[in-house]
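The values are calculated or read from the model by the stated rules, or taken from the named source; none is laboratory data. Quick caveat, the model's predicted, so the values are computed rather than measured. All Cβ positions, glycine included, derive from the backbone under ideal geometry; neighbour counts span all protein chains shown.
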Amino acid sequence: MAKSYIALDAEFYWDEDLHKAHKAMDPKSDTRAVAVKKVMAAAVFRFTIDDEGRVSVGDILSWSERDWGDEEGVVSQLFDCLRAHDDKPVITYGGLAMDIPVLLLAGIAHGLRLPPQLIDLPGRRGPRPHLDLGLMLKGGGRTWSHLSQVLLRMGVPFALVASKPGVRRPASGGAWWALRDHVELDCLLLSIAKLGWLVAQGANGLRLEPAIIALVEGFLRRRPDHSLAGELHAYANRLQRQIAEGFDLAA
């Protein structure tokens with residue numbers, strides 16, 4: 001049976017008014033708590049793996065304050081999208097520690113109902129609707145690996161991984177487009193890491209290089225104007241050469 005996933009990434013900024021209120025109550029604290037963060041952009045990337053390990057790509061969607069006005073507009077669109085695909089699990093990296101709490105706080109602040117993938121239901125049975133890949137990699141150990149470290153170890157080009165760290169809140173139209181590229185690329189990179197995990201877990205028929213190529217090419221068909229399209233094309237071409245070299249060696 002084919003399995004579909006939704007890679008989710010969100011970008012936050014520190015709300016200065018909330019931070020000042022926090023400092024007013026506790027002048028000795030320099031902590032910028034999770035509750036001081038607000039959502040400025042979010043993106044999702046859908047992909048499916050069939051029983052023979054073939055990968056197909058669905059929509060890549062993103063929302064930002066520039067287009068939807070404020071945090072409430074961004075989060076409302078994200079939640080509606082997830083509800084429209086409530087049978088598909090959401091993937092994050094470290095989401096249980098950051099993304100999900102901030103999205104929950106946004107829901108509380110704006111009176112928004114969470115989509116089923118993000119609702120905490122103790123004692124839930126059946127497939128998990130939210131998969132935190134960072135936590136899955138950690139397992140029962142104490143050591144966390146940053147997603148960028150995982151991607152570099154998988155051979156993802158540095159130029160793609162180097163854009164992974166967070167960005168400032170945009171102050172111009174061009175910067176908002178750059179933020180869109182950033183948050184959407186993060187979803188693709190997260191999806192690549194998920195493929196690596198699935199291959200390591202023995203997913204039937206799934207081969208890493210062809211699966212990554214399918215993801216990257218599907219992403220580029222939907223975002224041919226992405227600022228790192230050249231690097232993505234080069235990455236896919238490199239993987240194609242590796243596959244061809246493997247066939248030559250086998251022959």
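Determine the pairs where a residue that is farther than 16 Å from ALA84 by Cβ, located within segment 1-15, has a partner that is outside any strand (DSSP E or B) and of a type in the set (Val, Ile, Thr) with Cβ atoms under 6 Å apart, the partner being 6 or more residues away or on another chain.
ASP9/VAL183; GLU11/VAL183; PHE12/VAL102; TRP14/VAL36; ASP15/VAL36
Residue by residue through segment 155-168, note down the ones that are modelled with pLDDT of 85 or more and either within 16 Å of the chain's Cα centre (by Cα) or surrounded by 16 or more Cβ atoms within 10 Å (Cβ to Cβ) (or both). Lay out the reasoning, then the answer.
Step one: list which residues in segment 155-168 are modelled with pLDDT of 85 or more, which gives 155-162.
Of everything in segment 155-168, those that are modelled with pLDDT of 85 or more and either within 16 Å of the chain's Cα centre (by Cα) or surrounded by 16 or more Cβ atoms within 10 Å (Cβ to Cβ) (or both) turn out to be VAL156, LEU160, VAL161, ALA162.
Sort through GLY69, GLY73 and tell me the only one that's at positive phi, without any contact (Cβ under 8 Å) to a residue 40 or more places away in the chain and surrounded by fewer than 21 Cβ atoms within 10 Å (Cβ to Cβ). Outline the logic, then answer.
Values: GLY73 fails: at positive phi.
Matching residue, one of GLY69, GLY73: GLY69.
Based on this model, can you work out whether ALA178 counts as part of a helix (DSSP H, G or I), more than 14 Å from the chain's Cα centre (by Cα), modelled with pLDDT under 95 and under 23 Å from TYR93 (Cα atoms)?
Details: part of a helix (DSSP H, G or I): yes; more than 14 Å from the chain's Cα centre (by Cα): yes; modelled with pLDDT under 95: yes; under 23 Å from TYR93 (Cα atoms): yes.
For ALA178, the condition - part of a helix (DSSP H, G or I), more than 14 Å from the chain's Cα centre (by Cα), modelled with pLDDT under 95 and under 23 Å from TYR93 (Cα atoms) - is met.
Kindly list, by first and then second residue, each pair from a residue in segment 161-178 that is under 17 Å from ASP9 (Cα atoms) to a residue that is modelled with pLDDT under 85 and part of a loop (DSSP other than H, G, I, E, B), limited to pairs with Cβ atoms under 9 Å and residues at least 6 apart or on different chains.
ALA178/VAL167
Identify all residues within segment 148-158 that are outside any loop (DSSP other than H, G, I, E, B) and within 18 Å of ALA211 (Cβ to Cβ); write none if there are none. Quick ask: steps written out before the conclusion?
Quick first cut of segment 148-158, residues outside any loop (DSSP other than H, G, I, E, B) only: 148-153, 158.
Result: VAL150, LEU151, ARG153.
Would you be able to say whether some residue in segment 182-194 is surrounded by fewer than 18 Cβ atoms within 10 Å (Cβ to Cβ), in a helix (DSSP H, G or I) and either at pLDDT 95 or above or not hydroxyl-bearing (Ser, Thr, Tyr) (or both)? So that I can check it myself, show each step before the final result.
So in segment 182-194, the residues surrounded by fewer than 18 Cβ atoms within 10 Å (Cβ to Cβ) come out as none.
Within segment 182-194 (the criterion being surrounded by fewer than 18 Cβ atoms within 10 Å (Cβ to Cβ), in a helix (DSSP H, G or I) and either at pLDDT 95 or above or not hydroxyl-bearing (Ser, Thr, Tyr) (or both)), the answer is no, since none of the residues qualifies.
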